[in-house]
1. Yes or no: segment A:12-29 includes at least one residue that is within 8 Å of ligand 1 (Cβ to nearest atom), within 13 Å of chain B (Cβ to nearest Cβ), in a helix (DSSP H, G or I) and over 21 Å from A:Phe288 (Cβ atoms).
2. Just give me the residues in segment B:268-288 being at pLDDT 75 or above and touching a helix residue (DSSP H, G or I) at 6+ places or on another chain (Cβ under 9 Å), in sequence order.
3. Among the residues of segment A:145-176, which ones are out of contact with any strand residue (DSSP E or B) (no Cβ under 8 Å at 6 or more places or on another chain), more than 16 Å from ligand 5 (Cβ to nearest atom) and free of Cβ contacts under 8 Å to residues at least 12 places away in the same chain?
4. Within segment A:283-321, track down each residue that is touching a residue at least 24 places away in the same chain (Cβ under 8 Å), over 25 Å from the mean Cα position of the chain (by Cα) and more than 6 Å from ligand 3 (Cβ to nearest atom).
5. Taking the condition of being hydroxyl-bearing (Ser, Thr, Tyr) and under 30 Å from B:Met195 (Cα atoms), how many residues in segment B:89-137 meet it?
6. Does B:Leu265 fit the bill of being crowded, with 19+ Cβ neighbours inside 10 Å and in contact (Cβ under 8 Å) with a residue 60 or more places away in the chain?
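The values are calculated or read from the model by the stated rules, or taken from the named source; none is laboratory data. If you're wondering where the values come from, they're calculated on a predicted model, not measured in any experiment. Note that we place each Cβ from the backbone using ideal geometry, even for glycine, and neighbour counts take in every protein chain shown.
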Amino acid sequence: MADQQPVLEIRDLSVEYRTARGVVRAVDGISFSVPKGAILGLVGESGCGKTTVARSITGVLHQSARIAGGELLLHGRDLVSGPPKAWLDARWREISFVPQSAMNSLDPVYRIGSQIEEVLVHRGGKTRAEARARASALFEMVGLNPGRLDEYPHQFSGGMRQRVAIALALALNPSLVIADEPVTALDVIVQRQILDVIRDLQQRLSLSMILVTHDISVVAYLCDQVVVMYAGRVVESGSTREVLEQPRHPYTMGLTNAFPDLESAAHELVPIDGSPPDLSQPLVGCRFQPRCPFSLPVCSSDDPRTEVAETGARFACHRHAESDLLRRHSRDIATWQRPQ
Amino acid sequence: MTSAQTPTHPLVTASGLSKRFAAPRRLSDLFNGQRPHIYAVDGIDLCIGKGESVGLLGESGCGKTTTGRLLLKLTEPSAGSIAFDGVAIDTLKGNDLTAFRKRAQLVFQNPFDALNPRFTIERVLAEPLVNTGVERASHRDKVEKALAQVRLPPLSRFEGLFPHQLSGGQLQRIVLARALVLEPDFIVADEPVSMLDVSVRAGVLNVMREVRATLGLAALYISHDLALVRYVCSTTLVMYLGKIVEQGPTADLLKMPLHPYTRALVNAVPVPRVDQSHEALPIIGNVSDARGQPRGCRFRDRCPMAVARCAEEEPPLRDLGQGRQVACHLA
Ligand SMILES: Nc1ncnc2c1ncn2[C@@H]1O[C@H](COP(=O)(O)OP(=O)(O)OP(=O)(O)O)[C@@H](O)[C@H]1O
Ligand SMILES: Nc1ncnc2c1ncn2[C@@H]1O[C@H](COP(=O)(O)OP(=O)(O)OP(=O)(O)O)[C@@H](O)[C@H]1O
Ligand code: SF4
Ligand SMILES: [Mg+2]
Ligand SMILES: [Mg+2]
């Protein structure tokens, strides 16, 4: 059924960077797909490869990077093995991107309004007058005063520039938006306003989206599905409710557990001690093993297989059958505290 | 500031602090002959004690970064004065200015343009030590210590790497480490951990609390994360369009906000649960802007409680006792 075809399917994608320290395999064989009209949250610890995935899809990886394997199927057609021109076309017509560094994505020498109008005229086929009106509407949509369209990027605050980048990404009604931490720089009221705009576009225009974020509350508010990465791999994925309420991977448990809220914030926050492995070295066993409070001897020797539940949820942990028990332990702070 | 809150050992004090920027003229300005301005910071007073952590909350574009830059003398005020450790900073020069720069550090809001792209990470971190003449033999130790504080692996993992080769959250922690490496007395941390997930963030924030306790570091935390402010800051200030509209002990302020803007902010905090409400917030939808100095309360167009007086009279920041101050006619 054509209708069931995901907008994007990622199959076994690997991405490597060449560095002075050797080759870093930042993304190592990940797979997931984005159904039409769905918002998918991509979460995981700093440095786990989220931006690398986002940039791979949009075809704007750094020069030192290369896709070392796998497929990126947009409406069923592989971008990686296809002609570069097809990828470029897709990027302009169908996929839009809010980079993590969106605050500096504007050109400092042109007025903000003319940068937006330029995009609307050259890529959206609008007339000058239409573009001006649409630029004003886009400004209002993200809570900016259209009276300031004629200012330069340096005259805007960090969050104001971030909102311009979001408005630009939504300007041409793309079918897929890849947004890398789009609302991180915004206060909770403006953030909420923008999340509601995105939800509205999803409902009215069947917008699909990959939302990279570290904020579990944003995932809970907006995302239908969530993919959790750790050290270049997907460790867990599924519907937002299933993953947040019944995490099966210890990393996800630690992540949902450490969340401070306004009432409990006075208590100790519980970090997951240690750091992720060096991705320029060959790795054996589960990548979370050195930090996992539940690890068994097999975890250091064997890579855990990815299991699939009836619900479609996926998880890669040797102890997945005991996840109810581990979840109970994970709520106890002492589980995560190690003797120094 | 004349409040009960003035700390016993003030480190940074500002009074009547203002910064305005020229705004492009609109057609209407040509007719009435006005020179339009953005009032980014409009007459604020604040005081941060030695070893005290103060939180600064407020809407995007309300003047938080500008306030931080003024306190560190990275931009000059249009009016008002700032004293650091009892000395006015506007006239600092030569050695005094260098000493001030060493003691007061900025953690930039945007880590992607905070670092020299041509310097290796190692050089980025050692640079402040070199510039301030710290003896070379101690550099390596100090840099390793700062990396550990921000929960990054040792320097060997960054050998030969440049800023663009790091992820956003790694870069953000390098920026924080660079500010900590000089062991300053005061930092303005502008969204210092916004790109970190909770598991890493918790570790960094615990260290920040430790550094305050052991080294007496004073800090102004600019953040959109109310839980962070709750966790780290004893006192919190809330800004709205260039003005401080509320301040007080963080726990009380968040538990019982008095200004309608603070209330809206607290109510908008998302929770990490799937079944949260998607109801529209009462104050969403209006566009606010720091252009001009309107009469009355700046929040009144968006305020669900506004009365006639709010359009006429600007509410002053009033002392309500117990360290709490609010600028609202109805509070
Ligand atoms: N241009 C590059 N050259 C070399 N290594 C890189 C480059 N970009 C990223 N890396 C490395 O690849 C890994 C993944 O980086 P990536 O930016 O994808 O992480 P991320 O999940 O987006 O993290 P964050 O949440 O901190 O933004 C990191 O260890 C990073 O240091
Ligand atoms: N160099 C400048 N020239 C003109 N206007 C400026 C300049 N810097 C800041 N502004 C304006 O001053 C106001 C306050 O900006 P500031 O960067 O202090 O906001 P902020 O509270 O830090 O916002 P955010 O949370 O989005 O970073 C904004 O309206 C901004 O557009
Ligand atoms: S496989 Fe082992 S080490 Fe990895 S998460 Fe599961 S229990 Fe922990
Ligand atoms: Mg990233
Ligand atoms: Mg700012």
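1. Within segment A:12-29, none of the residues are within 8 Å of ligand 1 (Cβ to nearest atom), within 13 Å of chain B (Cβ to nearest Cβ), in a helix (DSSP H, G or I) and over 21 Å from A:Phe288 (Cβ atoms).
2. First pass over segment B:268-288, keeping only residues at pLDDT 75 or above: B:268-279.
Selection gives B:Ala268, B:Val269, B:Pro270, B:Val271, B:Pro272, B:Arg273, B:Val274, B:Asp275, B:Gln276, B:His278.
3. A:Pro146
4. A:Pro293
5. Qualifying residue count for the region: 2.
6. On the way: crowded, with 19+ Cβ neighbours inside 10 Å: yes; in contact (Cβ under 8 Å) with a residue 60 or more places away in the chain: yes.
The answer is yes for B:Leu265.
For (1) under 22 Å from A:Arg134 (Cβ atoms); (2) out of contact with any helix residue (DSSP H, G or I) (no Cβ under 9 Å at 6 or more places or on another chain), each residue gets a yes or a no:
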| site | (1), (2) |
| --- | --- |
| A:Gly49 | no, yes |
| A:Val60 | no, no |
| A:Ala65 | no, no |
| A:Pro84 | no, yes |
| A:Leu88 | no, yes |
| A:Pro108 | no, no |
| A:Val119 | yes, no |
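Yes or no, residue by residue, for (1) in contact with a Gly (Cβ under 7 Å, 6 or more places away or on another chain); (2) modelled with pLDDT of 95 or more:
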residue: A:Asp224; (1), (2): no, yes
residue: A:Gly238; (1), (2): yes, yes
residue: A:Leu255; (1), (2): no, no
residue: A:Ser264; (1), (2): no, no
residue: A:Gly274; (1), (2): no, no
residue: A:Thr306; (1), (2): no, yes
